[in-house]
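Comments concern the structure below.
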Amino acid sequence: SVSCGARHTLALTDEGRVWSCGLGHYGALGRAFTPFEYGTADALPVPEDAVPRPPPGGDPRAPLDEEQRAHVDLLARMTLEDASDQCVMCPVEALGDLRVAEVAAGHRHSLYLDAEGRVYSSGWGRYGELGHGDIEPCGIPRRVMHADLPSDVVAVRAGVDTSLVLDRAGRAAFWGRRMDGLSSEGGTAVTTIPVPLPMEVPAVAADCGFTHVVLVGLEGEV
């Protein structure tokens, strides 16, 4: 199976091995990454005047900050002739002999579910989407461990800055950037550890979107 994030891709083999490629300077690839080291010598940064700006009277947006400029520059340097390890599928060796059952690629992070129902994560963690109890990035897969995380997870889903898991009993837990409706308290906040998601019926399917979560109940309720 494969899972595509915003700028990276995860592939899972029949043997439970994970391979990754794409932009991984946040750790989304789950393996070593050195940004801006490419094999093409003629790749140039995008000129400042080439970056789109809102039209007069349009929605005002601040100029690109240093991080955003690095993203644009990084994209400009990638070509099909690039032989660097982020442009071809390479194994996530940090998982060792772990047999992975499912992967989920988010915007800037990745989730890995092993055959025993344990969840691991890597990548960008500014909004708590890794579930490690902090807002730090993680360059290699690290197990998500918390009392509110089900022990028999059967599905993992990754949104933009949100992670969601579903266990065998149809219970869901989430962590990351919390929007209205994802918690009984409402509001917007950062959740760095798994939090049970209030539901009236057990869920049989779930997924994360840009700023929303969809759960499907036993009788097809959404």
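Conditions (1) of a type in the set (A, V, I, L, M, F, W, C); (2) closer than 14 Å to residue 111 by Cβ; (3) not in a loop (DSSP other than H, G, I, E, B), marked per residue:
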residue	(1), (2), (3)
125	no, yes, no
130	yes, yes, no
156	yes, yes, yes
165	yes, yes, yes
169	yes, no, no
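Looking for something aliphatic (A, V, I, L, M), within 23 Å of residue 212 (Cα to Cα) and at pLDDT 90 or above - is there at least one such residue anywhere in segment 177-189?
From segment 177-189, those aliphatic (A, V, I, L, M) are 179, 182, 189; that's our starting set.
Going one step further and asking which of them are within 23 Å of residue 212 (Cα to Cα), we end up with 179, 182, 189.
So of that shortlist, the ones also at pLDDT 90 or above come out as none.
Taking every residue of segment 177-189 in turn, none turns out to be aliphatic (A, V, I, L, M), within 23 Å of residue 212 (Cα to Cα) and at pLDDT 90 or above.
Working only within segment 6-30, note down all residues that are in a loop (DSSP other than H, G, I, E, B), surrounded by 19 or more Cβ atoms within 10 Å (Cβ to Cβ) and modelled with pLDDT of 85 or more. Step through it out loud before you land on a result.
Kept after step one, since they are in a loop (DSSP other than H, G, I, E, B), are these residues of segment 6-30: 6-7, 13-17, 23-30.
Filter once more, keeping what is surrounded by 19 or more Cβ atoms within 10 Å (Cβ to Cβ): 7, 23-30.
Answer for segment 6-30, where residues must be in a loop (DSSP other than H, G, I, E, B), surrounded by 19 or more Cβ atoms within 10 Å (Cβ to Cβ) and modelled with pLDDT of 85 or more: 7, 27, 28, 29, 30.
Can you tell me which residues in segment 99-113 are among the aliphatic types (A, V, I, L, M) and open to solvent by 40 Å² or more (accessible area, probe 1.4 Å)? Write out each step before concluding.
The first filter runs over segment 99-113 and keeps only residues among the aliphatic types (A, V, I, L, M), leaving 100-101, 103-105, 111, 113.
Within segment 99-113, 101 is the sole residue that qualifies.
This table checks each residue for (1) more than 19 Å from residue 3 (Cβ to Cβ); (2) not hydrophobic (A, V, I, L, M, F, W, C).
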| position | (1), (2) |
| --- | --- |
| 142 | no, yes |
| 146 | yes, yes |
| 158 | no, no |
| 166 | no, no |
| 174 | no, no |
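Taking segment 127-136 as the region of interest, how many residues are more than 18 Å from residue 151 (Cβ to Cβ) and either buried (at least 17 other Cβ atoms within 10 Å of the Cβ) or among the hydroxyl-bearing types (Ser, Thr, Tyr) (or both)?
The number of residues fulfilling the criteria is 4.
Has segment 114-126 got any residue that is open to solvent by 10 Å² or more (accessible area, probe 1.4 Å), in contact with a strand residue (DSSP E or B) (Cβ under 7 Å, 6 or more places away or on another chain) and farther than 26 Å from residue 15 by Cβ?
yes
Do we find that residue 222 is open to solvent by 30 Å² or more (accessible area, probe 1.4 Å), more than 15 Å from residue 149 (Cα to Cα) and either at pLDDT 90 or above or of a type in the set (A, V, I, L, M, F, W, C) (or both) in this structure? I'd like the intermediate steps shown before the answer.
On the way: open to solvent by 30 Å² or more (accessible area, probe 1.4 Å): yes; more than 15 Å from residue 149 (Cα to Cα): yes; either at pLDDT 90 or above or of a type in the set (A, V, I, L, M, F, W, C) (or both): yes.
So residue 222 passes the test.
The values are calculated or read from the model by the stated rules, or taken from the named source; none is laboratory data. Please read all numbers here as calculations on a predicted model, not as lab measurements. When we count neighbours, we look across all protein chains shown, and the Cβ atoms used for this are built from the backbone with ideal geometry, even at glycine. Only protein heavy atoms, including side chains, enter the accessible area calculation; ligands, DNA and RNA are left aside. Shrake-Rupley method; radii C 1.70, N 1.55, O 1.52, S 1.80 Å.
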